[in-house]
Amino acid sequence: MGPRFVHGAVTLQFDSFKPYAFVSEAIWPDSDNYESAIRHAVEEVLLEHLGHLSNTRVVLKGIIYHECDSCEMGYHVAARLAALAAFEV
């Protein structure tokens, strides 16, 4: 057995013209669901950049799941990076 890797991949959609909401359209396997880690990471970034959560609807459009390497930390990091990237567009 080799080392375990950290995996998480998300697709997020942002709409800054709508009130804040976090909506998930992702399909998770029965064994794992890391939506709360994703929502927490997105909210952290929105608070850092906007100072509030009063606007910006966030939709978790999809995930990529790896049955061995997916973990909460992987999805937290992926969501954080995706949310940060939204401010650079």
Using the Cα atoms as the points, what is the convex hull volume per residue of the chain in Å³? 90
Place a point 7 Å from the Cα of residue 54 in the direction of its beta carbon; the residues of the stretch 7-29 whose amide N falls under 13 Å from it are 19-20
If contacts are Cα pairs under 8 angstrom and at least 6 residues apart, what is the relative contact order of the stretch 9-86 in percent? 53
Can you sort 75, 65, 34 so the residue with the fewest Cβ neighbours within 10 Å comes first? 65, 34, 75
If one compares the long axis through the Cα atoms of helix 72-86 with the longest principal axis of the Cα atoms of the chain, the angle in degrees, nearest 10, works out at 40
Residue exposure sequence - 38, 63 - by fewest surrounding Cβ within 10 Å: 63, 38
The chain - share of DSSP beta bridges that are antiparallel (%, nearest 5): 60
The exposure ranking of 5, 17, fewest beta-carbon neighbours within 10 Å first, is 17, 5
From the helices alone, meaning DSSP H stretches of at least four residues, give me the mean residue ellipticity at 222 nm for the chain, per-run term -39500 (n - 2.57), in deg cm²/dmol to the nearest 500. -11500 deg cm²/dmol
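A short reminder: the numbers here are calculations on the coordinates, not readings from a lab. Not measured: the values here are computed from a predicted model. Ideal geometry is used to build each Cβ from the backbone, glycine not excepted, and the neighbour counts take in all protein chains shown.
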